[in-house]
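Student: Handing you a structure now.
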Protein chains: 2
Amino acid sequence: MGEWLSSTAYIEKRKEELKDKIDSLKKKYGRSPSLSVVLVGNNKASISYVKRKEKFAKEIGMKAETLRFDNINEKDLLSLVKKLNNDDGVDGFIIQLPLPEDIDVNKIIESISPAKDVDGFHPYNLGKLFRGEDALFPCTPFGIVNFLKFNKFELAGKNAVIIGRSNLVGKPLSILLLKENMTVTITHSKTRNLSQKCSNADFLFVAAGRPLMVTPEYVKQGAVVIDVGVNALTDSNIVKNELKTLPEKIKLFDKKGYVLVGDVHPEVVKKASYLTPVPKGIGPITVLTLIENTIKAFEKRAG
Amino acid sequence: MGEWLSSTAYIEKRKEELKDKIDSLKKKYGRSPSLSVVLVGNNKASISYVKRKEKFAKEIGMKAETLRFDNINEKDLLSLVKKLNNDDGVDGFIIQLPLPEDIDVNKIIESISPAKDVDGFHPYNLGKLFRGEDALFPCTPFGIVNFLKFNKFELAGKNAVIIGRSNLVGKPLSILLLKENMTVTITHSKTRNLSQKCSNADFLFVAAGRPLMVTPEYVKQGAVVIDVGVNALTDSNIVKNELKTLPEKIKLFDKKGYVLVGDVHPEVVKKASYLTPVPKGIGPITVLTLIENTIKAFEKRAG
């Protein structure tokens with residue numbers, strides 16, 4: 001029987017450290033790091049993410065603002081990005097995705113100044129990551145590696161298998177894990193014998209976007225499993241069948257009408273040595289890393 | 001018994017196609033694509049590479065020049081890069097590596113205009129590659145994928161294992177192979193049980209920089225093996241012991257005092273379905289791709 005590897009203690013510890021850091025930055029530079037978040041539209045998940053980002057920033061004494069638009073066209077969004085690029089009071093900003101379909105996302109991302117690109121999505125920052133140089137790195141994969149190091153896992157020489165090859169998680173995570181001297185396999189929807197390949201992993205990273213897809217047969221006895229997925233299950237039959245051994249989840253579902261699960265089936269905790277839960281796993285780490293990136297951007301600009 | 005997969009026929013065919021292409025570009029735009037190569041110092045291998053690049057370009061009707069310096073300091077090299085960036089007659093240029101130790105290579109690479117970076121080394125171009133967007137891609141890995149496609153190998157769903165995680169080959173190759181829907185494993189000097197991991201590969205890519213390291217035990221029966229290494233062996237005992245079954249290589253050694261070998265032992269051809277030779281394998285493909293990149297850069301600027 002393995003353990004749940006919650007991020008809560010890590011987040012709390014980092015929060016205290018970052019509060020102190022911001023106090024000292026304020027004393028040194030006369031102002032706090034400042035994050036702006038641009039939110040377009042009414043996507044419920046986006047609104048919730050953005051709120052968490054702003055809340056976290058303010059809790060540790062940073063300045064944060066959300067610029068919210070019901071709608072905006074590409075030209076006006078480009079103007080806004082330009083304004084934020086040139087605003088000395090803004091250290092970092094993000095454009096919350098997804099954007100309306102008529103906006104060219106790549107064009108918007110490339111218009112962001114790499115020095116303020118605290119999501120780490122700009123090709124320049126990804127290229128620096130790729131070349132093993134310092135830059136602003138994508139929040140989820142960078143946060144995962146920091147979390148593993150905080151927990152003192154020995155990574156060098158170990159087999160990492162990643163499910164998912166997205167620009168946000170799978171691909172940048174592969175580069176960061178290589179830097180830790182892991183042997184890295186990237187798998188995806190076209191991979192054959194996926195469960196067999198995953199069962200070679202000492203560390204299995206799952207960012208597939210498919211609720212509960214990773215079952216115990218995918219997992220080597222004693223592996224560390226990192227679940228990046230966040231999915232809301234709303235179908236009562238699926239919930240009551242799949243989560244029948246987890247009465248707390250069922251209770252939550254009965255109360256709220258949905259329940260959050262990852263891409264990894266909770267049964268996996270019995271076979272793994274550690275499994276990150278959903279919620280209270282990687283989600284808060286992504287928010288933390290955004291804040292850390294903003295402080296880094298501030299220090300580079302101020303220094 | 002497998003076959004040697006020489007690149008000679010592919011190169012000759014592409015050369016004819018590129019000649020025609022350049023003729024039509026000349027007619028359309030009134031000038032040929034133009035490549036500049038900056039060479040610093042007296043590294044013998046660099047001099048030989050640079051000559052091959054210039055020769056290839058001229059053979060197909062392109063303009064090419066080599067700017068050669070016995071030595072140059074960082075400031076002057078940055079000025080030269082700036083001049084080449086702003087020279088309308090230069091479509092693409094490369095700074096041949098290695099550079100003298102007192103020059104910051106990353107600084108030089110980042111000063112190159114991404115639109116003229118025909119080596120595909122600039123972080124911006126690597127970031128675009130990473131995001132699955134069009135750009136100038138690193139020559140060796142991009143050329144390898146084009147060569148595999150020319151030979152009509154079925155790649156999707158197959159297992160690729162790469163030995164070596166360099167910025168020039170291993171890392172960008174992993175991204176390009178993912179785009180072809182392969183399942184990709186990146187291994188390196190810290191990988192445990194390397195030969196066992198390689199023996200799972202349908203396609204094995206070797207860019208380790210260690211002569212003859214990949215022996216038949218690394219290779220699955222019928223695998224395709226791509227040898228990116230180029231090493232000059234000069235030790236008579238090693239040559240006569242390792243290459244004893246290859247009388248032509250021994251004869252060459254006796255004549256020249258050295259012999260070129262890859263990172264893959266020639267014995268592997270008996271177990272693989274295909275193995276690229278050294279020489280006449282991936283080396284000329286790298287040169288070809290540099291020329292293709294220059295034509296692409298020309299067309300983007302001209303269009």
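Okay, residues lined up against (1) surrounded by fewer than 17 Cβ atoms within 10 Å (Cβ to Cβ); (2) in contact (Cβ under 8 Å) with a residue 60 or more places away in the chain:
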{"residue": "B:TRP4", "(1), (2)": "yes, yes"}
{"residue": "B:LYS26", "(1), (2)": "yes, no"}
{"residue": "B:LEU35", "(1), (2)": "no, yes"}
{"residue": "B:LYS55", "(1), (2)": "yes, no"}
{"residue": "B:LEU77", "(1), (2)": "no, no"}
{"residue": "B:LEU80", "(1), (2)": "no, no"}
{"residue": "B:ASP87", "(1), (2)": "yes, no"}
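Student: Given the criterion in contact (Cβ under 8 Å) with a residue 12 or more places away in the chain and crowded, with 16+ Cβ neighbours inside 10 Å, identify the matching residue among A:ALA232, A:ALA223, A:ALA302.
Tutor: It is A:ALA223.
Student: Would you check if B:THR140 is farther than 23 Å from A:ALA160 by Cβ and of a type in the set (Ser, Thr, Tyr)?
Tutor: So B:THR140 passes the test.
Student: If I filter segment A:133-145 for residues that are at the interface with another protein chain (Cβ under 9 Å from one of its Cβ atoms), over 19 Å from A:ALA297 (Cα atoms) and surrounded by fewer than 21 Cβ atoms within 10 Å (Cβ to Cβ), do I get at least one hit?
Tutor: Scanning segment A:133-145 turns up no residue that is at the interface with another protein chain (Cβ under 9 Å from one of its Cβ atoms), over 19 Å from A:ALA297 (Cα atoms) and surrounded by fewer than 21 Cβ atoms within 10 Å (Cβ to Cβ).
For every residue, the table says whether it meets (1) on the phi > 0 side of the Ramachandran plot; (2) β-branched (Val, Ile, Thr).
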position	(1), (2)
A:VAL184	no, yes
A:HIS188	no, no
A:CYS198	no, no
A:GLY222	yes, no
A:ASP227	no, no
A:GLY257	yes, no
A:LEU260	no, no
A:HIS265	no, no
A:ALA272	no, no
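Student: For segment B:180-221, which residues satisfy the criterion of being charged (D, E, K, R) and facing chain A (nearest Cβ under 9 Å)?
Tutor: Within segment B:180-221, B:LYS190, B:ARG192, B:LYS197 qualify.
Student: Residue check, A:VAL268 against (1) crowded, with 21+ Cβ neighbours inside 10 Å; (2) more than 25 Å from the chain's Cα centre (by Cα), all met but one. Which one?
Tutor: Unmet condition: (2).
Student: Considering each residue of segment B:209-220, count those that are surrounded by 24 or more Cβ atoms within 10 Å (Cβ to Cβ) and aliphatic (A, V, I, L, M), and give that number.
Tutor: Here the count works out to 2.
Student: Still on this model: Regarding A:ALA160, is this residue farther than 20 Å from A:THR294 by Cα, surrounded by 22 or more Cβ atoms within 10 Å (Cβ to Cβ), within 14 Å of chain B (Cβ to nearest Cβ) and not hydroxyl-bearing (Ser, Thr, Tyr)?
Tutor: Spelling it out, A:ALA160 is indeed farther than 20 Å from A:THR294 by Cα, surrounded by 22 or more Cβ atoms within 10 Å (Cβ to Cβ), within 14 Å of chain B (Cβ to nearest Cβ) and not hydroxyl-bearing (Ser, Thr, Tyr).
Student: Exactly one of (1) touching an Asp or Glu at 6+ places or on another chain (Cβ under 6 Å); (2) touching a residue at least 40 places away in the same chain (Cβ under 8 Å) is unmet by A:SER195. Its number?
Tutor: The failed condition is (2).
Student: Another one. Give segment B:164-179 a look and list any residue that's in contact (Cβ under 8 Å) with a residue 24 or more places away in the chain and either facing chain A (nearest Cβ under 9 Å) or not small (Gly, Ala, Ser) (or both), or say none.
Tutor: The answer is B:ASN167, B:LEU168, B:VAL169, B:GLY170, B:PRO172, B:LEU173, B:ILE175, B:LEU176, B:LEU177, B:LYS179.
Student: Among the numbered conditions (1) touching a Lys or Arg at 6+ places or on another chain (Cβ under 7 Å); (2) closer than 28 Å to B:ARG14 by Cα, tell me where B:ASN293 comes up short.
Tutor: For B:ASN293, the failing item is (1).
Student: Here's a follow-up. Residues B:LYS296, B:LYS280, B:LYS255: which one is basic (Lys, Arg) and within 27 Å of B:SER195 (Cβ to Cβ)?
Tutor: Only one candidate qualifies: B:LYS280.
Results for (1) of a type in the set (Lys, Arg); (2) closer than 26 Å to B:ILE109 by Cβ, shown as yes or no for each residue.
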position: A:ILE72; (1), (2): no, no
position: A:LYS75; (1), (2): yes, no
position: A:SER79; (1), (2): no, no
position: A:ASP88; (1), (2): no, no
position: A:LYS107; (1), (2): yes, yes
position: A:HIS122; (1), (2): no, yes
position: A:ASP134; (1), (2): no, yes
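Student: I'd like the residue in segment B:278-299 that is assigned to a helix (DSSP H, G or I) and of a type in the set (A, V, I, L, M) and, out of all such residues, is surrounded by the fewest Cβ atoms within 10 Å (Cβ to Cβ).
Tutor: Checked segment B:278-299; the qualifying residue surrounded by the fewest Cβ atoms within 10 Å (Cβ to Cβ) is B:VAL287.
Student: Here is a follow-up. Checking B:LEU178 against (1) surrounded by fewer than 23 Cβ atoms within 10 Å (Cβ to Cβ); (2) over 29 Å from A:ASP104 (Cβ atoms): exactly one of these is not met. Which one?
Tutor: Condition not satisfied by B:LEU178: (2).
Student: Just to be sure I understand, how many residues within segment A:89-128 are away from every other protein chain (no Cβ under 14 Å), surrounded by 21 or more Cβ atoms within 10 Å (Cβ to Cβ) and charged (D, E, K, R)?
Tutor: 2
Student: Evaluate the following for B:THR215: is it touching a His at 6+ places or on another chain (Cβ under 6 Å) and touching a residue at least 12 places away in the same chain (Cβ under 8 Å)?
Tutor: yes
Readers should treat all values here as calculations from the given coordinates under stated rules, not as data from a laboratory. All of these numbers come straight from a predicted model, not from anything done at the bench. Positions of Cβ are backbone-derived with ideal geometry, glycine not excepted, and every protein chain shown enters the neighbour counts.
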